[in-house]
Each structure stands twice: as C-alpha cells, then as structure tokens.
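Novice: Before I ask anything, here is the structure I am working with.
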Amino acid sequence: MRAALYARVSTHDQQTLGLQVEAMRSYIKGRGWEAVKQVQDVGSGARERPGREGLLKAARRRELDVVVVWRLDRWGRSLPDLVVTLRELTELGVGFVSLTEALDLTTPSGRAMAGMLAIFAEFEREILRERVRAGIAQARKEGRPHGRPRTASLRADEVHRLKAERLSHSEIARRLGIGRTSVRRIVSAAS
C-alpha cells in the first residue's frame, strides 16, 4: 500500500516531530507499506494546514492508499473536522491509521470506531445548537439585543446625504464601506 505520513507540531512544541516520524516509519515498515509522501505541518491547531490539505488533494487524485498519523489530534482541528475528513478519506477508499489511539480504518473494527466518532460529533453539534437557542431565548426574554449588531443603519444620515447627491447604491456602499443591500434597505425605508 502507498502510505502518506502526516506529522504536525505546534509552533512552541517542535520536539515531538522526530518522534512522530520515526514511529510512523516503523509502523509502515512493519506492515510492508511504502511511504510515498511525508508531510510535516508546524502551527497551531486552528490555523490552516497546507500539508494536510495537500494530502487530501493527493487522496482525491488517488495517489495514496492510506494516511498514517501519530495521534488523532495531529490530524483533526476539532471532532467535527476529524469526522468530515475521515468520512471523505473513507469515501475515496483511502485508509487512515492513528498509532497512539490504535485506530485503523483499514479494518472493519476501525471503520466501526469511525462511525462512533461521527455519532459523538453529531451529539456535540446538537448540544451547541441547543445552547445557542437557549441563549437567544434568554436574551429575548430579558429584552437584550442578540444577533449581529446593526452597523449600516448607524450611517443612515450619510446614505441619505450621498443619495441626495445622486450617487448610485454601489458607489454609496463603496464610499461608506457597507453593503449595497444595506444601502437599498435604508433608501427604501425612507421612501
């Protein structure tokens, strides 16, 4: 099998990079797989990971059969992100192995574990939705504003002044740094 090794470290903790790569190389050697790609990303978990994105593109081009990581948190930014990328790899027919968690999606039990991860990710999303709804309901009950703050309406006088100068909605929006839709809404409310 053609294996891709993916290692990631945060900017302040680069000591484990060698450890990750060595463990992954040893694993694929034991399985008789060939390392066709080795990618190392350095950066925090929330930022873009160009190496990981490159591996996903290689998987889409069918250039590899399995992705090997040291730990799940090295691959996924969050549980939902992990589930989405694992699902994509599975749909592409690309296996996934995490050494520390002994998760091997090339086996039936590993695929079952991935299904359980998907269930937990959905559960996490539902809890978050419920919290947001409860927060909005509480804000309404207390008469507090919620949602995106109204910024364009604060510039209504300027919109009307520029419209009186016969400027187009696009030009007004550009000059004031607000959206054209907001300009149209303010102008039509005055009519």
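Taken together, the values in this text are just the output of simple stated rules run on the coordinates, not laboratory data. What you are looking at is a predicted structure, and each value in this text was computed from that prediction instead of being measured. FYI the Cβ positions are ideal-geometry reconstructions off the backbone, even for glycines, and counts take in every protein chain you see.
Novice: What do you get for Rg/Rh over the chain if you use C-alpha atoms and the Kirkwood form of Rh?
Specialist: 1.22
Novice: Going by C-beta contacts inside 10 Å, put Leu154, Leu79 in order with the fewest on the left.
Specialist: By the 10 Å Cβ count, ascending, the order reads Leu154, Leu79.
Novice: Let me ask something else. Take the alpha carbon atoms of region 46-84, find their center, do the same for region 127-159, and report the distance between the two centers in whole angstrom.
Specialist: 36
Novice: Moving to a separate point now. Please arrange Phe120, Phe96 by how many other C-beta atoms lie within 10 Å of their C-beta, fewest to most.
Specialist: With the fewest neighbours first, Phe120, Phe96 line up as Phe120, Phe96.
Novice: Taking neighbour Cβ counts within 10 Å as the exposure measure, how do Met113, Met1, Met24 sort from fewest upward?
Specialist: With the fewest neighbours first, Met113, Met1, Met24 line up as Met1, Met113, Met24.
Novice: Also, quick follow-up: Hey, which lysines would be in cross-link range of Lys57, C-alpha to C-alpha under 30 Å, not counting anything within fewer than 8 residues on its own chain?
Specialist: List returned: Lys29, Lys37.
Novice: For the ranges 102-110, 145-153, what's the packing order if you count other beta-carbon atoms within 10 Å of each residue, average per peptide, and put the highest first?
Specialist: The peptides rank, most packed first, as 102-110, 145-153.
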